[in-house]
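Below: one structure, written as C-alpha cells.
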Amino acid sequence: MSNNVQQQSPLAHTQWLPYPADAADAAAIALRERPLLQMITLRGDPADAGFMAAAQAALGVALPTQANTVRDGDAHGVAWMGPDEWLVQSRLPHGTAGLPARLTAALEGYFASVVEVTSGYTVIDIDGPHAADVLAKGCAMDLHPRAFGAGACAQTRFFDAAVFLRRTARGITLTTRRSFAPYVAEMLVDAAREYA
C-alpha cells in the first residue's frame, strides 16, 4: 500500500487569503500566506563556543544572542526565541533538503536539540505601510519602527492567538500555529479592510 499523503497549507480551504484578492488593490496593505516554509526549533547552550560555531557552520549564519533579534543567511533566517532557543525559518517552501539531519550531525556531542516543526505552523506576510496598523488592532505591542525596527522579532498575541512577529523590509511577517491560522487570517482581513 502506498502512502500518498501530501502536506497541505492550513489555509488551503479558506477564502481569506490573499487579501485583497486583486493585486492592484494591494498598495496600502497586502496579506498573503507563505505555506510550508521549513521551520526548525534549535536549542543549545549559547555559552558553549563549540556549539555556536558548529551551528553557524551548518546553517551558514551565526545564531543571534541578543534578545528578540533575527539574523539572515542566504537560505533562511534564525530568530532568537529565548536564552537557549532559536527558530530557523526557510525562505522557500520545503526549505533545504536534509537540513535537520545535517544540523543534528553537526551538533553531535553537544548539549543540543533539533526539532523540525514545519507542519505545525504557517507564515502570513503583512505588507505595506499599514502593516503595523492592522496588527495593532489585536496586538498590544508597540509596533512602531522605532520600537520594532529592522531585524527585530517578538513572541506576542494577536487577539487570542499566540504569534511570532518579525519586521521585514516590506512590512511584518506573522508566524502562527496551524490550529490558529484560520482564526488569525480572518481577524487580519477584518482589521485590514479599513486600509484596502
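You will find that of Arg146, Arg178, the residue that is out of contact with any helix residue (DSSP H, G or I) (no Cβ under 7 Å at 6 or more places or on another chain), among the basic types (Lys, Arg) and more than 19 Å from Val78 (Cα to Cα) is Arg146 and no other.
Taking the criterion of being in contact (Cβ under 8 Å) with a residue 40 or more places away in the chain and farther than 30 Å from Ala191 by Cβ, would at least one residue in the stretch 77-85 satisfy it?
Filtering the stretch 77-85 for residues in contact (Cβ under 8 Å) with a residue 40 or more places away in the chain gives 77, 79-81, 84-85.
Imposing the further condition that a residue be farther than 30 Å from Ala191 by Cβ reduces the set to 84.
Yes, the stretch 77-85 has at least one match.
Exactly one residue among Gly50, Gly60, Gly77 is of a type outside the set (Val, Ile, Thr) and at positive phi, and that residue is Gly60.
Considered as a group, the residues in the stretch 164-196 that are free of Cβ contacts under 8 Å to residues at least 40 places away in the same chain and among the aliphatic types (A, V, I, L, M) include one that is surrounded by the most Cβ atoms within 10 Å (Cβ to Cβ), and that residue is Leu165. Of all residues in the stretch 44-68, those satisfying the criterion of being surrounded by 15 or more Cβ atoms within 10 Å (Cβ to Cβ) and within 18 Å of the chain's Cα centre (by Cα) are Leu59, Val61, Leu63, Pro64, Asn68.
So that you can scan it fast, the table gives a plain yes or no per residue for (1) over 30 Å from Ala192 (Cβ atoms); (2) touching a residue at least 60 places away in the same chain (Cβ under 8 Å); (3) out of contact with any Phe, Trp or Tyr (no Cβ under 6 Å at 6 or more places or on another chain):
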position: Glu33; (1), (2), (3): no, yes, yes
position: Thr41; (1), (2), (3): no, yes, yes
position: Asp45; (1), (2), (3): yes, yes, no
position: Ala55; (1), (2), (3): yes, no, yes
position: Ser90; (1), (2), (3): no, no, yes
position: Leu103; (1), (2), (3): yes, yes, yes
position: Glu108; (1), (2), (3): yes, no, yes
position: Thr118; (1), (2), (3): no, yes, yes
position: Pro129; (1), (2), (3): no, yes, yes
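Output yes when any residue across the stretch 156-163 is loosely packed, with under 13 Cβ neighbours inside 10 Å, aliphatic (A, V, I, L, M) and touching a strand residue (DSSP E or B) at 6+ places or on another chain (Cβ under 8 Å), and no when none is. No, that holds for no residue. Residues that are under 16 Å from the mean Cα position of the chain (by Cα) and surrounded by fewer than 17 Cβ atoms within 10 Å (Cβ to Cβ) do occur in the stretch 118-135, at least one of them. The set of residues in the stretch 142-155 being surrounded by fewer than 16 Cβ atoms within 10 Å (Cβ to Cβ), free of Cβ contacts under 8 Å to residues at least 60 places away in the same chain and either touching a strand residue (DSSP E or B) at 6+ places or on another chain (Cβ under 8 Å) or of a type in the set (Gly, Ala, Ser) (or both) consists of Pro145, Ala147, Gly149, Ala150.
Here is a yes/no grid of residues against (1) assigned by TED's automatic domain parsing to the domain that holds Thr168; (2) farther than 21 Å from Arg177 by Cβ:
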position	(1), (2)
Gln7	no, no
Ala28	yes, yes
Leu42	no, no
Pro46	no, yes
Gly73	no, yes
Trp80	no, no
Arg91	no, no
Thr96	no, yes
Val115	no, no
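The values are calculated or read from the model by the stated rules, or taken from the named source; none is laboratory data. Keep in mind the model is a prediction, meaning the values are calculated, not measured. Backbone-built Cβ (ideal geometry, glycine too); neighbour counts: all protein chains shown.
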